[in-house]
Amino acid sequence: MKTYVLNGPNLGRLGSRQVDIYGLTSYADLAEMCVRVGKEAGLDVEVRQTDGEHEMLAWLHRAADEGAAVVLNPGAWSHYSYALRDACALLTGPLVEVHISNIHAREEFRHHSVVSAVATGVICGLGVDGYRLGLLHVAERAKRAERADGAERA
């Protein structure tokens, strides 16, 4: 299953930005881990990061058109971008929202995500391991869907 791992603003700075909150894993290491975990789980994973909201919207539109799964860390956009939320609502494949930190244990303005209501699931506060868990969830959903399709044909 085609799966996009999409990362929003400032996530390209992982490993050097607020390491007390986001950890020491670099963005390059995160991207490599996502591709490896996805491949092991039978997913075709493409990892992207942008600081431009228009670019993220275009990627989400493409994923919607392809019926692809998305593991999304929207970063700060999760708290206020209705355009991002609306693009996420177009997705027909699963959407897993991921946050490296526990947004509910941080500043008040971070406690609410406008994306969560249209996500299949949300993982927050588990560090970069949240991406691995999100990918494994997508892979398991794809396997269940394949089994169900096989049972219908039988």
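Just so you know, all these numbers are worked out from the coordinates, no wet-lab data involved. None of the values given here were measured: they were computed from a predicted structure. Note: ideal-geometry Cβ built from the backbone for every residue, glycine included; neighbour counts use all protein chains shown.
Of the residues Ala148, Gly8, Ser81, the one whose Cα sits farthest towards the positive end of the charge dipole of the chain is Ala148 (charges of +1 on Lys and Arg Cβ, -1 on Asp and Glu Cβ, taken about the Cα centre). What is the calculated FRET efficiency for Arg17 to Glu152, with r their C-beta to C-beta distance and R₀ = 35 Å, to the nearest 0.05? The computed FRET efficiency comes out at 0.15. Where a ≥ b ≥ c are the square roots of the eigenvalues of the C-alpha gyration tensor, would you call the range 18-69 rounded, which needs a/c under 1.5, or, failing that, prolate if a/b is larger than b/c, or oblate? Since a/c reaches 1.5 but b/c is at least a/b, the shape of the range 18-69 is classed as oblate.
More than 16 angstrom separation, counting every C-alpha pair in the range 98-154; what % is that? Beyond 16 Å sits 56 percent of the P(r) for the range 98-154. Maximal additional length on extending the Arg144-Glu53 stretch stands at 29.4 nm, based on 0.36 nm per residue less the C-alpha distance. Neighbour counts of other Cβ atoms within 10 Å put Glu40, Glu53 in the fewest-to-most order Glu40, Glu53. Relative to the dominant Cα principal axis of the chain, helix 53-66 is inclined by about 10°.
Principal-axis analysis of the Cα atoms of the chain puts helix 27-40 at an angle of about 20° to the longest axis.
For Asn10 and Asp86, the difference between the fully extended length at 0.36 nm per residue and the C-alpha to C-alpha distance is 25.2 nm. Its convex hull of Cα atoms gives the chain a direction-averaged projected area, equal to a quarter of the hull surface, of 8.8 nm².
Estimated purely from DSSP H runs of n ≥ 4, each contributing -39500 (n - 2.57), the mean residue ellipticity at 222 nm for the chain is -13500 deg cm²/dmol once divided by its residues.
A Förster radius of 25 Å combined with the Cβ-Cβ distance from Leu133 to Lys39 puts the calculated FRET efficiency at roughly 0.95. Averaging Cα coordinates gives a centre for the range 26-68 and one for the range 122-154; these two points are 15 Å apart.
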